[in-house]
Amino acid sequence: MTVLSIIRDCLDALLHPSARYDALTRARHRAFMAPRLLGSLAAFAAFPVYLAMRGAPSAVEVAAFAWLIAPIMLSWFLSRTGRYEGAHVLSSLALAGLIMAVAITTGGIGSFAAVWLIVVPLEAALSASRRVAAFASLLALSCAGILILVGQLGWLPLDEPSAAQRSLLMAFGVASATLYAAALAFGAESLARTSVALLSREEERYRLLARNMSDVISRHRRNGTVQFISPAAEAMLGMPVAQLHGHGLFDRVHVADRPAYLTALSDAARGDVRSVEFRLRREPTGSEHGQANFQVDFIWVEMRCRPLDQDPGRQHIDRDAARETEVVAVMRDVTDRKLSEQALDQARSAAEAADAAKTRFLATMSHELRTPLNAIIGFSDMIAQEQTLMLGAAQRREYAQLINDSGQHLLSVVNGILDMSKMESGNFEIASEPFAPRASLMHCCNLLALKARENGIDLVTDAPQDLPVMTGDPRAFKQIVLNLVANAIKFTERGGQVSVSAAVSGSQLTLRISDTGVGIAPDDLKRLGAPFFQAGKTYQRRHEGTGLGLSIVKSLVALHLGDLTVQSRLGEGTAVTVKLPLVYTPPQAKPLDGKAAESKIATLTPVPRQELHDQHHDQLQDQPAPVKKSA
């Protein structure tokens, strides 16, 4: 361990606690205390030698040596209070007082000690305080003025040294003042070097943090102009940091989020701490072929901003910069959190939709199941009490037929629910086989012709004789036709018309079922095909049904890898177009969720009823001898 390190450790033990944790403050306190303690100790050590060579000292000499205890007291004051500027003020007073005492007794302003007045402001400059330096300069000038005034008034001692002694003392004064000034210069240089080293080390530390942090640190003016931004922005936005300076970052903020972005920075400049979330445009990445992908890509970031704490020393130097408060901000990529929130919202919406579907299911089933069951129970009780009620054969047959009709309706409801459940769970299998689509289509229309006749509706069927044989599930094909035609008949008023046509286009069979019925509202058209959904409000509905018909059609068309298009206008009619492949090819792999593929339902721009009627009229003219089932 060297002598310098021992001295440094001893000085650190004397430092005030407030200076032990700041490297620059610690260096300044050491630079103040070390020369004073060493100088006083050296002077006291040299005092016996001086006595041996000089003999009995004069009163002035004793006072001068006694004054050397002042630096020790100043070091004690600094170590106890930590008041660095106050210690420098006291040091200037002590040094000026010593110079005044020696100069008055040795010739006034012409004394060798007067030269030391120059050292007083130089020593105060080490305090790095303008106030202390100004005070020390005024003090030195005041002392010089007092020495001149005392000399002019003749208050100086009469005994003056000889010319030789005067020259020797002047040489001693100039040399000692020069040496002390040199020591002060080296001290100032050491403090400056220490300050630069500490500043460089601190900047390197912060630069290392800024370079390796995933969060982006930026410095802004009140208007959003970027003064500094950390290198992490390059990884976040995929572009050089230099392009984000000025208004570069603002230009990448989503247009809808710019007011919130600027408001947060403005509020932070006024002294508030603000947090804001906004979208930033990220630089598009190259595609597989090296061409740019021009799809706009935005990420969500969270920015927390607060006013920048100005360094007090810088505020004195750069007053214009201090007047305009700047803002420091920390930005973090929160895209994953936003996606999670969106997924949570979607899951919540799905849960709400499932709950609404359950409510619709219970509301619908309570009517669709109770009505046939009440009829079955009621009419069967009447048949069981036929002797009491004295029922005739005709009445018994009528009641039995009603019971059979109710049972068939109940069976169709249950079958629809089971089929829908199988389709949604992915357990509905397509039994593919060749079949004639025209025969199946005509059979379905014949089954529903009686229903159409009872409702006073014209059922027009247009199926060419040369329709080719197709491969698919014939039962599913019939169910598609029956559900669509039954729906068209159900929602068409008396005197209306339902048209069914089939044609081949390319490798697909196109079925078109249109009516002149009540039509579907635009809002309901968007939800068409959802299980248990029925267009119109519940209290306005005049037709029975579970709301599964079109949902089953949608799933069956999807299982056949076909397309479903619905075109409707409220009060003017509906046209449903189904396109099925002539040859059904099973998919190679089943979906991971086990559910059937979803069909493409296009809700096209509705067309007026006259246009629908004209389309059917043109089709009838092009095809020979259509089959017409009417009342």
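The values are calculated or read from the model by the stated rules, or taken from the named source; none is laboratory data. Values in this document were obtained by computation on a predicted structure and should not be read as measured data. Every residue, glycine as well, gets a Cβ built from its backbone with ideal geometry; the counts of neighbours run over all protein chains shown.
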Query raised in the report: Which condition number does Arg222 fail, the rest of (1) among the charged types (D, E, K, R); (2) in contact with a Leu (Cβ under 6 Å, 6 or more places away or on another chain); (3) at pLDDT below 90 being met?
Result: (2)
**Report entry** Which numbered condition Pro468 misses (of (1) modelled with pLDDT under 90; (2) surrounded by fewer than 21 Cβ atoms within 10 Å (Cβ to Cβ); (3) of a type outside the set (Lys, Arg))
**Finding:** (1)
Report summary line: Picking from Phe186, Phe135, Phe172, Phe228, the residue that is outside the structural domain of Gly110 (by TED's automatic domain parsing) and of a type in the set (Phe, Trp, Tyr) would be Phe228
Report task. Would you mind stating whether Leu74 is in contact (Cβ under 8 Å) with a residue 24 or more places away in the chain, among the aliphatic types (A, V, I, L, M) and over 26 Å from Leu168 (Cβ atoms)? Result -> yes
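Can you confirm whether Arg304 is at pLDDT 85 or above and more than 18 Å from Arg219 (Cα to Cα)?
Details: at pLDDT 85 or above: yes; more than 18 Å from Arg219 (Cα to Cα): no.
Taking the combined requirement at face value, the residue does not satisfy it.
Could you check, for the range 502-512, whether at least one of its residues is touching an Asp or Glu at 6+ places or on another chain (Cβ under 6 Å) and modelled with pLDDT of 85 or more?
Initial filter on the range 502-512 (touching an Asp or Glu at 6+ places or on another chain (Cβ under 6 Å)): none.
Within the range 502-512, none of the residues are touching an Asp or Glu at 6+ places or on another chain (Cβ under 6 Å) and modelled with pLDDT of 85 or more.
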Query raised in the report: Taking only pairs six or more apart or across chains, which ones have beta-carbon atoms under 6 Å, a first residue in the range 177-189 that is aromatic (Phe, Trp, Tyr), and a second residue that is in a helix (DSSP H, G or I) and surrounded by 17 or more Cβ atoms within 10 Å (Cβ to Cβ)?
Result: Tyr180/Val119
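In contact with a Phe, Trp or Tyr (Cβ under 7 Å, 6 or more places away or on another chain), surrounded by 14 or more Cβ atoms within 10 Å (Cβ to Cβ) and under 24 Å from Met73 (Cα atoms), is that true of Ser127? Talk me through it step by step, then tell me what you get.
Details: in contact with a Phe, Trp or Tyr (Cβ under 7 Å, 6 or more places away or on another chain): yes; surrounded by 14 or more Cβ atoms within 10 Å (Cβ to Cβ): yes; under 24 Å from Met73 (Cα atoms): yes.
Spelling it out, Ser127 is indeed in contact with a Phe, Trp or Tyr (Cβ under 7 Å, 6 or more places away or on another chain), surrounded by 14 or more Cβ atoms within 10 Å (Cβ to Cβ) and under 24 Å from Met73 (Cα atoms).
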Report task. Can you give me the ranges of the helices (runs of 4 or more DSSP H) entirely in the range 1-75 with at least 1 residues that are at pLDDT 80 or above and aromatic (Phe, Trp, Tyr)? Result -> 23-54
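Could you grab me the full set of residues in the range 478-514 that are part of a loop (DSSP other than H, G, I, E, B), surrounded by fewer than 19 Cβ atoms within 10 Å (Cβ to Cβ) and more than 52 Å from the chain's Cα centre (by Cα)?
Step one: list which residues in the range 478-514 are part of a loop (DSSP other than H, G, I, E, B), which gives 491-496, 506-507.
With the extra rule that they be surrounded by fewer than 19 Cβ atoms within 10 Å (Cβ to Cβ), the set shrinks to 493-495, 506-507.
Of everything in the range 478-514, those that are part of a loop (DSSP other than H, G, I, E, B), surrounded by fewer than 19 Cβ atoms within 10 Å (Cβ to Cβ) and more than 52 Å from the chain's Cα centre (by Cα) turn out to be Glu493, Arg494, Gly495.
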Report task. Working only within the range 563-603, note down all residues that are under 18 Å from Ser551 (Cα atoms), at pLDDT below 85 and either of a type in the set (Ser, Thr, Tyr) or in a loop (DSSP other than H, G, I, E, B) (or both). Result -> Ser568, Gly594, Lys595, Ala596, Ala597, Glu598, Ser599, Thr603
